[in-house]
């Protein structure tokens, strides 16, 4: 397999992992904590389930790194 195809497959795999991690962080982390229109209830939910909020933040950071790596690989050829 030539290097362009290999790079494209790696970038595609990273993008797929990015999508899965981002959806996981959104569904597991934030969707159950955020109450739209009620900041006090949202803050209370975040304090009650701090581990869940931290996991969503960590997932977002990991997804951002994967997205940047994917963009870097796409511009590499």
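Points to keep in mind about this one:
- Relative contact order, whole percent, for the chain stands at 47, derived from Cα pairs under 8 Å and 6 or more residues apart.
- Using alpha-carbon coordinates, inclination of helix 39-48 to the longest axis of the chain, degrees: 80 degrees
- Residue 28 versus residue 62: modelled label distance in nm, points set 7 Å from Cα along the beta carbon direction: 0.7 nm
- Per-residue Cβ neighbour rank within 10 angstrom, fewest leading, 56, 31: 31, 56
- Largest GNM mean-square fluctuation among 11, 49, 39, using the chain with Cα springs under 10 Å: 39.
- Fewest-first sequence of 21, 57 by Cβ atoms within 10 Å of each Cβ: 57, 21
- Degrees separating the helix 50-74 axis from the principal Cα axis of the chain, which is the longest one: 20 degrees
- Using alpha-carbon coordinates, inclination of helix 3-24 to the longest axis of the chain, degrees: 10 degrees
- The helix-only estimate of mean residue ellipticity at 222 nm for the chain, built from DSSP H runs of length n ≥ 4 each weighted as -39500 (n - 2.57), is -25500 deg cm²/dmol after division by the residue total.
- Identified option (computed mean projected area of the Cα convex hull in nm²; candidates (1) 7.3; (2) 5.0; (3) 5.7): (3)
- When 74, 15, 36 are sorted by how many other C-beta atoms sit within 10 angstrom of their C-beta, beginning with the fewest, the order is 36, 74, 15.
Every read-out reported here was derived from the displayed coordinates using simple, explicitly stated rules and does not represent laboratory data. Remember, predicted model here, so these are calculated numbers, not experimental data. Counting neighbours? That spans all protein chains shown, and the Cβs are built from the backbone with ideal geometry, glycine included.
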